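What follows is a set of notes on a single structure, which appears directly below.
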Amino acid sequence: MTALLLLAMAENSHSADSTCALSIRLIDSSTGRDLPGLICVRDERGAAVKLEGLLDRGMGTANRRKTDRKIHDWYVAPKKAVVRVPAAKLTVRAFRGLETEMAETCVDLTGRRWASVTLKLNRFHEMRSAGYISGNTHLHFKDATRADSDRYLREVPIADDLNAVFVSYLERPEADKGYVTNEYTDAEWAALSRETGVLFANGEEHRHNFGEFDEGYGHVMFLNMPGLVRPVSLGPGITGTGDDGVPIRQGIDDAAKSAIDAIWCHNSWGFEDAPNILTRRVRAAHVFDGGSRGSYETGFYRYLNLGISLAFTSGTDWFIRDFARVYVSGAGQTAGSWLKALLLGKSFITNGPLLDLRIDGKGPGEVIDLPSKREISVTARAVGRVDFGLIELVRNGVVISTSPTRGQGGHFTADMRVEVDIDEPCWLALRIPPVSSEEYCDGEAALPMSEFGWPLFAHTSAVFVDIDGRRVHDEASVRGLIEDIAGAKKIILEKAVFASDADRARVTGVYDEALSLLGAPMR
Ligand SMILES: [Zn+2]
């Protein structure tokens with residue numbers, strides 16, 4: 001045997017022995033109870049170690065954005081996990097959802113065949129005890145096997161500490177053959193709920209596009225339905241057949257007959273948002289749910305400035321790519337009662353900071369009616385694992401007070417206590433400094449980021465402050481909406497294909513009605 005061959009054999013036997021079976025246990029530092037969570041193991045160079053056998057937290061997430069890579073560094077750890085890792089110096093990090101600090105420990109596994117490590121997770125907040133239930137209201141999976149999808153649904157919401165998950169059906173010719181979540185039945189959602197303790201319920205994305213992915217009339221989400229509202233998709237752009245003669249409104253009105261509510265998707269993407277929000281057919285809207293268009297101003301503030309309550313909600317569209325979620329208070333135990341509280345605006349959205357806003361003792365979704373002008377007291381607080389910089393109190397879309405974060409061990413807190421002079425009717429809300437939908441989707445902004453590389457956002461729904469029954473009303477918002485609705489109607493008349501004058505009138509009538517509600521001169 002040559003010396004060279006002996007050397008190669010020695011190398012081989014060394015590499016066979018160079019891994020270690022590492023048992024990783026996560027526990028709640030205050031109760032000592034085992035916790036599921038997310039873990040990341042890095043070697044001495046800082047490279048993430050692949051953990052065979054555990055679910056890649058980034059499953060289904062393509063590396064379209066530079067920061068998408070970060071989610072693939074994380075793995076879903078059931079209560080106890082045993083993974084094979086290099087027998088070397090490693091760093092293990094872990095956390096659960098949005099309520100625990102990051103735990104970290106360094107281990108030297110050199111020469112070890114077996115080792116175990118326990119990470120204690122410090123919980124800095126308990127949203128459930130504070131009366132909040134979190135949910136993702138826009139979610140579906142594609143291009144995954146049924147077995148992978150089942151495993152993902154069993155493991156990810158628990159590790160992310162997500163309490164309610166609405167998984168929606170959608171149709172697109174050919175492509176929807178790969179939409180694995182379309183296959184689930186209501187009985188399967190119920191079984192999954194019993195097994196995991198997470199509330200699973202159905203949904204449907206009802207939509208119209210011009211072209212396969214172009215902007216069209218828009219998307220709404222129906223949630224917790226007794227059955228599908230048909231047709232699911234509208235127009236030749238997305239269905240490959242027929243014409244553009246049916247507005248989204250028809251499906252919204254059909255759904256309403258079965259007491260199903262519609263929630264707008266993708267912020268300001270789509271033309272029929274304003275007409276349906278102004279007529280109160282849509283009472284909640286998604287932001288940061290995968291759309292790359294719009295802002296708080298165009299998606300929410302213009303309606304709030306007209307005294308229209310529009311609840312904030314959020315989700316992640318394809319797979320749970322971020323912690324984006326909505327927290328709802330007073331939500332009860334069922335999907336129906338949770339949605340009812342959401343639609344009343346008893347909510348805040350976040351992918352990190354946990355918000356609390358009290359105004360004269362009332363919270364988001366509530367109305368304060370003052371008999372006359374006076375001062376009101378505002379108490380606001382936010383806590384988060386990642387430093388979110390500031391909280392901002394917003395009145396009618398304008399920041400009127402800010403408060404910086406301060407570090408407290410492994411998390412950050414911001415507190416605000418102010419008296420606000422109310423001399424006009426208004427709405428108030430709490431947020432962290434806003435990130436645009438574009439910045440959120442690009443993920444490269446120099447902003448505080450989640451562990452998965454998404455810029456942080458957080459915003460409560462509004463508290464309206466009326467004076468003697470008078471509600472806020474802002475003419476600039478009226479003008480902005482009139483311009484948008486008239487612009488949408490013009491594009492539709494250029495792009496849409498109508499089989500008859502009656503079809504054209506049915507679609508344009510939706511916009512004409514909205515314009516007349518706003519007092520716009522008819523044209
Ligand atoms: Zn979707």
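Structure data summary
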quantity	calculated
Members of region 355-397 that are among the basic types (Lys, Arg) and not in a strand (DSSP E or B)	Lys373, Arg385
Condition met for Leu90 (in a loop (DSSP other than H, G, I, E, B) and open to solvent by less than 20 Å² (accessible area, probe 1.4 Å))	no
Residue among Glu171, Glu183, Glu104 that alone is surrounded by fewer than 22 Cβ atoms within 10 Å (Cβ to Cβ), touching a Lys or Arg at 6+ places or on another chain (Cβ under 7 Å) and closer than 30 Å to Gly242 by Cβ	Glu183
Residues that are touching a strand residue (DSSP E or B) at 6+ places or on another chain (Cβ under 8 Å) and within 16 Å of the ligand (Cβ to nearest atom), drawn from region 115-158	Gly135, Asn136, Thr137, His138, Leu139, His140, Phe141, Lys142
Enumeration of residues in region 440-472 that are over 11 Å from Ile368 (Cα atoms), of a type in the set (Phe, Trp, Tyr) and in contact with a helix residue (DSSP H, G or I) (Cβ under 9 Å, 6 or more places away or on another chain)	Phe452, Trp454, Phe457
Those residues of region 403-428 which are free of Cβ contacts under 8 Å to residues at least 24 places away in the same chain and either more than 28 Å from Val386 (Cα to Cα) or assigned to a strand (DSSP E or B) (or both), in sequence order	Ser403, Pro404, Arg406, Gly407
Whichever residue in region 223-278 is more than 17 Å from Gly336 (Cα to Cα) and among the basic types (Lys, Arg) and, among such residues, is surrounded by the fewest Cβ atoms within 10 Å (Cβ to Cβ)	Arg230
Which listed residue, of Phe213, Phe200, is open to solvent by 30 Å² or more (accessible area, probe 1.4 Å) and either of a type in the set (Phe, Trp, Tyr) or part of a strand (DSSP E or B) (or both)	Phe213
Among the candidates Gly352, Gly315, Gly270, residue that is of a type outside the set (Ser, Thr, Tyr) and away from the ligand (no atom under 16 Å from the Cβ)	Gly352
Only listed residue being within 16 Å of the ligand (Cβ to nearest atom) and not β-branched (Val, Ile, Thr), chosen from Gly251, Gly227, Gly235	Gly251
Any hit, region 61-70, residues being more than 21 Å from Ala115 (Cα to Cα), surrounded by 16 or more Cβ atoms within 10 Å (Cβ to Cβ) and either of a type outside the set (D, E, K, R) or at pLDDT 95 or above (or both)	yes
Of the criteria (1) within 16 Å of the ligand (Cβ to nearest atom); (2) assigned to a loop (DSSP other than H, G, I, E, B); (3) without any contact (Cβ under 8 Å) to a residue 60 or more places away in the chain, which one Gly111 fails	(1)
Residue that is modelled with the highest pLDDT, among those in region 286-302 that are of a type in the set (A, V, I, L, M, F, W, C) and either open to solvent by 10 Å² or more (accessible area, probe 1.4 Å) or closer than 19 Å to Phe319 by Cα (or both)	Val287
In region 118-151, residue farthest from the chain's Cα centre (by Cα) [restricted to those that are under 16 Å from Ala77 (Cβ atoms) and open to solvent by less than 10 Å² (accessible area, probe 1.4 Å)]	Leu119
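The values are calculated or read from the model by the stated rules, or taken from the named source; none is laboratory data. These numbers come from a predicted model, not from an experiment. Ideal geometry is used to build each Cβ from the backbone, glycine not excepted, and the neighbour counts take in all protein chains shown. Ligands, DNA and RNA are stripped out before the accessible areas are found, and what is left, the full protein with its side chains, is counted by its heavy atoms. Shrake-Rupley method; radii C 1.70, N 1.55, O 1.52, S 1.80 Å.
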